[in-house]
Amino acid sequence: MGHYRNFKLVVYFVAHGTATETRERLEEELAFFKRYMRLDKVYLEPYRSSQFASHEQVEMCKAVFEENGIEVAGGITTTISTPEGDEPKARLFDTFCYNDEKMLAKLREVSRFLGEHFNEFIIDDFFFTNCTCELCRAGRDRFNSERGITDGSWQEYRLALMQKVSEETMIAPAKAANPEVKITIKYPNWAESYQETGYNPAQQRQVFDRIYTGTEARDTVTTDQHLPRYLSFSLMTYLENMWPGHNGGGWFDPFDLHVMEQYLEQAYLTAFSKPKEMMMFCFQALVNTMRVPALGFQLDKLDETLDYAGNPIGIACYLPDNGQGEDNIQDFLGTVGFPIICTPYFPEKAKTILLTRSAAYDKQIVDKLEKYVAEGGKAIVTNGFIDAASDMGIYRMTSIRLRGRTISGCDYRIEHLPKNHRTALTFPHGQEKITIPVVEFRNNATWAVVKVSNAQENYGILLRDTYGKGEMWTLTVPDSFSDVYKLPREVLTRLHAEFPVGDVYLDADPQVSLFVYDNDSFIVYPYVEWGAQPAMARIHVKGQVKGLIAPTQMGPSGEKKRIAPLYSDECETVFELYTMPGEYVIYQIER
């Protein structure tokens, strides 16, 4: 594939650098990267925020990279200052107003320039609109009036506007200059908000040559964005399933995470999705920093790990294009050990599916769900999905009703999977209370196997409905999604036991992820958090197997490390693993 066996390593080079670099300084800075890692490709940006590099500067930078054996493509960030003499427009992040002819003319100019200099270029994730100027408001009102949209919303107008701009103002000028140019659109990490600002992967993929994925995570407490770290994996799977074979790679950066391991972790989770490219943003933010040697060390380890990983598999989370609701809940669940794979298409052939409130954007979702379960499928739905589908026919599948009540508690009741025709009950205690919606249900029509207690009553967290040949399970998620991190280990293990992936499920403390592959391999990764400590985790494998092999770790005699079973019975084999925060290990099942 390149210098690494399983991915290309690429870096983004921003316009300020392109415009101001000297050959000598660029050679020196590039030597720093080459000391620690093996670059395959650079995306060289001539334009960003009204800074526009000259033809001569672009060609000089291209020449230096090519002389060092590095492939060169182009890049653009669609941000712009207010044109001289014009009144400023209220725009977040200086994104373009796509009704302003001066700004559109600049975009056409840059697009032609890119076509003249490159056979490939990528659009950074500012290719959206939030402008609310007079021209944009008039455009919205005219569009909505023509289509009978009466709520004054922006979504449908911006989706149509950005599709038009994509074709006429970005793609057409570039291809007029170079009919062979391939254009990639990079989608941001904030997938729950695409539709509000004009991003529409399902439509835009019909006009672009390739898509790309923002896998940058963020600190969810101190930043405005709510981007759980598992997103670095799950969004890659979503966009790969959106357009199989055309998701160019994952793009991560060093910003808004405050611990070195959390920067590196973005690379780990991106790699676990099996990307074509791993892109570092950006050259200028990384040069002469400790991140480069640290990441370079890990890239070789990741490459070796991926030698043993098949294709990622998991519980298929259906997120229809332009859906929203219970934003990122799938990532919080992924962070506590559910292997989640996201898809924009209803996964009718999946062994287990997950439907959150976002799935209710599909107006045929209950019919699809009913058919899937009745034919033998196993579905997990959240209380948010039940609420959103309450007027869509969901009550024919469950007795659950939501009446707007909530409760708080930290004592739990667990009904375990039956063994030897007997069902065991345990009553673990959590260290902190969680608050959940009350899901009222009719006993003996619906059954709760995990509950949280408050004084003299208990309330369902995991509830089962049988339907036809299959089952629908309702998962009640806390009002604050991150409260899933407060669930006791025993509760999480019971949840995982009901939904194994690849015959495997995890028994561990919160904030440990499990990544499963279709070749009897899996990765265990404990996150680096304040107070995180080494811990023992257990892996349950369905049936009787011989052992686990850790192919990237050496045993005492130099052979690949082997883990013997802790115990086994007629149902499963259980292994105990030592885990260290920030360290990932791949295991293979020895059958």
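The values are calculated or read from the model by the stated rules, or taken from the named source; none is laboratory data. Worth saying up front: this structure is predicted, and the values here are computed from it rather than measured. Note that each Cβ is placed from the backbone with ideal geometry, even for glycine, and that neighbours are counted across all protein chains shown. Accessible surface is based on the protein model in full, side chains and every heavy atom, while ligands, DNA and RNA are left aside. Shrake-Rupley method; radii C 1.70, N 1.55, O 1.52, S 1.80 Å.
Over segment 241-324, with the other protein chains present, what is the accessible area per residue in square angstrom, probe 1.4 angstrom?
31 Å²
Apply the Karplus parameterisation 6.51 cos²θ - 1.76 cosθ + 1.60, with θ equal to phi minus 60°, to every residue of segment 369-386 and state each ³J(HN,Hα) to the nearest whole Hz, in sequence, with x for glycine and proline.
For segment 369-386, the Karplus curve yields 5, 4, 5, 4, 6, 4, 8, x, x, 10, 10, 10, 10, 8, 4, x, 5, 4 Hz.
Given R₀ = 51 Å, what would the calculated FRET efficiency be for residue 301 paired with residue 101, taking r from the Cβ atoms and rounding to 0.05?
It comes out at approximately 0.50.
Do the sum for the chain: with -39,500 (n - 2.57) for every DSSP H run of n ≥ 4, divided by all residues, what is the mean residue ellipticity at 222 nm, to the nearest 500 deg cm²/dmol?
-8000 deg cm²/dmol
With label points built 7 Å along Cα→Cβ from the Cα atoms of residue 456 and residue 255, find their separation and express it in nm.
5.6 nm
Once neighbouring chains are kept in place and the probe is 1.4 Å, which whole percent of the accessible area of segment 405-449 is contributed by carbon and sulfur?
Its accessible area is 49 percent carbon and sulfur atoms.
Only loop residues by DSSP count here, and only those with at most 11 other Cβ atoms within 10 Å; note down the GluC sites (Glu not before Pro) in segment 146-193 that meet that.
In loop regions of segment 146-193 (DSSP not H, G, I, E or B), the sparsely surrounded GluC sites (Glu not before Pro) are 180.
What residues have an amide H closer than 5 Å to that of residue 8, excluding those fewer than 5 places away on the same chain, when H is modeled at 1.01 Å from N in the peptide plane?
277, 278
Taking the solvent-accessible surface of protein heavy atoms with a 1.4 Å probe, what is the per residue accessible area of segment 65-133 in Å²?
Accessible surface, normalised per residue, equals 40 Å².
Grab the other residues whose beta carbon is less than 14 angstrom from that of residue 429, score K and R as +1, D and E as -1, and report the net.
+2
Relative contact order of the chain, please, whole-number percent, based on alpha carbon pairs below 8 angstrom and at least 6 residues apart.
10 percent
Where the only charges are on Cβ atoms (+1 Lys, Arg; -1 Asp, Glu), what is the dipole of the chain about its Cα centre, to the nearest 20 debye?
1480 debye
Can you tally the net charge around residue 282? Count Lys and Arg as +1, Asp and Glu as -1, for every other residue whose Cβ sits under 11 Å from the Cβ of residue 282.
-2
Work out from phi, with θ = phi - 60° and the Karplus expression 6.51 cos²θ - 1.76 cosθ + 1.60, the ³J(HN,Hα) of each residue of segment 57-70, listed in order in whole Hz, and give x for Gly and Pro.
Each residue of segment 57-70 in turn: 5, 4, 5, 5, 5, 4, 4, 4, 5, 5, 5, 9, x, 10 Hz.
If I take every Cα pair under 8 Å that is 6 or more residues apart in segment 67-211, average their sequence separation and divide by the length, what percent do I get for the relative contact order?
Result for segment 67-211 is 29 percent.
With point charges of +1 on the Cβ of Lys and Arg and -1 on the Cβ of Asp and Glu, referenced to the Cα centre of the chain, which listed residue (3, 505, 111) lies farthest in the positive direction of the dipole?
So the residue furthest toward the plus end is 505.
Taking the Cβ of residue 57 as the center, what net charge do the other residues with Cβ under 12 Å away carry, scoring Lys and Arg +1 and Asp and Glu -1?
Summing Lys and Arg as +1 and Asp and Glu as -1 gives -2.
Sort the following peptides by mean Cβ neighbour count (other Cβ atoms within 10 Å, averaged over residues), highest first: 324-334, 81-91, 476-486.
Averaged packing, sorted descending, gives the order 324-334, 476-486, 81-91.
Taking the dipole about the Cα centre of the chain, with the C-beta of Lys and Arg at +1 and of Asp and Glu at -1, give me whichever of 203, 271, 540 is farthest to the positive side.
540
Residue 49 to residue 160: FRET efficiency via 1/(1 + (r/R0)^6), r the Cβ-Cβ distance, R0 25 Å, to the nearest 0.05?
Here the calculated transfer efficiency is 0.45.
Sorting check: for 225-232, 59-66, 45-52, which peptide has the highest mean count of neighbouring beta carbons within 10 Å, and how do the rest follow?
Order by mean packing, descending: 225-232, 45-52, 59-66.
In segment 504-546, which chymotrypsin sites (Phe, Trp or Tyr not before Pro) are in a loop and have at most 13 other Cβ atoms within 10 Å, using DSSP for the loop call?
Passing sites in segment 504-546 are 530.
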